[in-house]
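**Student:** Take this structure, written in structure tokens, and hold onto it; I'll ask about it next.
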Amino acid sequence: MARRKKIYEGKAKILYEGPEPGTIVQYFKDDATAFNAEKKAVIEGKGVLNNRLSEFFMTGLGQIGVPNHFIKRLNMREQLVRTVEIVPLEIIVRNYAAGTMSKRLGIDEGTQLPRPIVEYCYKDDALGDPLVTEEHIAAFGWASQQDMDDILSLALRVNDFLSGVMLAVGIRLVDFKIEVGRVFDGDFQRLIVADEISPDSCRLWDMETGQKLDKDVFRRDLGDLKDAYTEVARRLGVMPKTAPVTKPTLIN
Ligand code: 5GP
């Protein structure tokens, strides 16, 4: 197999040039990072689980008409996605207070919010992805007013979809982060959901016990991260409980 061109390596994924123009191969690594990569570990099998889970969520979103970058899964760790021009924002939707919102506003974790609250962070690792307002976004030209309308609509549709899917398997969707990207169809540009949707970027709590089934398990040393993600996958029927989660040998 010809050596593929690496386009970008992030904390949890590597992007390679895809087989056709306008496509990218997204490779899910086992690396786990938290607190802007101050805490790091390799969790064997995490990449395999996130590849499957992101496929599951993106496919479901596509089925209800929420445009996203997913084309197809290629193998255990890789999926083919559309090339997008990433909007430099992390879009966070919160249904219950947790994490930085709880800290910032002094609201107990787990408090239900009066309605879903959408926040924007400027995507910049060196700055620690700071929270920004729509004023910053407009003034610095990161997204237009039309983009912001579209982003809000996408974020809330993703929230409704994910909340419902999770509720059906006894999991509370506390909050999540998405990223969006621009695609160009001739003179037309539109925004689609990109990056990944996985327990790395969501807070997922068991509805009955409150057990955390997301990256907070790693961030807060609450147990085995792979067990938590496997439980999410099992409940969603994404991977049977007994499916082997092995490290692949196939990397470029
Ligand atoms: P918080 O702002 O409370 O740290 O995070 C809110 C939600 O967004 C959580 O579900 C968290 O996992 C997700 N999130 C925020 N920033 C990032 C990030 O840089 N990477 C990932 N994977 N998720 C993030």
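The values are calculated or read from the model by the stated rules, or taken from the named source; none is laboratory data. These numbers come from a predicted model, not from an experiment. Virtual Cβ from ideal backbone geometry, glycine too; neighbours counted across all protein chains shown. Keep in mind that these areas ignore ligands, DNA and RNA; they rest on the heavy atoms of the full protein, side chains included. Shrake-Rupley method; radii C 1.70, N 1.55, O 1.52, S 1.80 Å.
**Student:** Only Cα pairs under 8 Å and at least 6 apart count here; give the relative contact order of the chain as a rounded whole percent.
**Tutor:** Numbers: 455 pairs, mean separation 46.9, N = 252.
Rounded, it is 19 percent for the chain.
**Student:** Using packing as a proxy for protection, rank 119-125, 50-56 so that the peptide with the highest average count of other Cβ atoms within 10 Å comes first. Walk me through the numbers before you get to the answer.
**Tutor:** Details: 119-125: 16.6, 50-56: 22.4.
Result, highest mean first: 50-56, 119-125.
**Student:** Tell me whether the chain comes out rounded, prolate or oblate; compute the Cα gyration tensor, take square roots of the eigenvalues as a ≥ b ≥ c, and use a/c under 1.5 as the rounded threshold. Please list the in-between numbers first.
**Tutor:** Numbers: a/c = 1.44, a/b = 1.02, b/c = 1.42.
Rounded, because the longest to shortest axis ratio a/c is under 1.5.
**Student:** What order, most packed first, do the peptides 168-175, 134-141 have when packing is the mean number of other Cβ atoms within 10 Å of each residue?
**Tutor:** Details: 168-175: 19.1, 134-141: 12.4.
By packing density, highest mean first, the sequence is 168-175, 134-141.
**Student:** While we're here: At a probe radius of 1.4 Å, what is the per-residue accessible area of Lys11, in Å² to the nearest 10?
**Tutor:** Lys11 exposes around 80 Å² with every protein chain in place.
**Student:** Be a star and scan region 164-196 for residues whose amide nitrogen sits under 14 Å from the point 7 Å along the Cα-to-Cβ vector of Ala37.
**Tutor:** The answer is none, because no backbone nitrogen lies closer than 14 Å to the label point.
**Student:** Keeping all protein chains in place and using 1.4 angstrom, which order do Ile7, Ile91 fall into by accessible surface area, from largest down? Can you show the working numbers first?
**Tutor:** Working: Ile7 90, Ile91 0 Å².
If we order Ile7, Ile91 from most to least accessible, we get Ile7, Ile91.
**Student:** Sticking with this structure for a sec: Net charge within 12 Å of Lys6 by Cβ-Cβ distance, Lys/Arg positive one each and Asp/Glu negative one each, not counting Lys6 itself? Kindly include the intermediate steps, with their values, before the conclusion.
**Tutor:** On the way: positive: Arg3, Arg4, Lys5, Lys13; negative: Glu9, Glu17.
Charge balance near Lys6 sits at +2.
**Student:** Then there is this: Which percent of Cα-Cα pairs in region 85-206 sits in each 10 Å bin, short to long?
**Tutor:** The percentages, shortest bin first, are 12, 43, 34, 9, 1.
**Student:** Express in whole angstrom the spacing between the alpha-carbon centres of region 39-110 and region 2-26.
**Tutor:** Between the Cα centre of region 39-110 and that of region 2-26, the gap is 18 Å.
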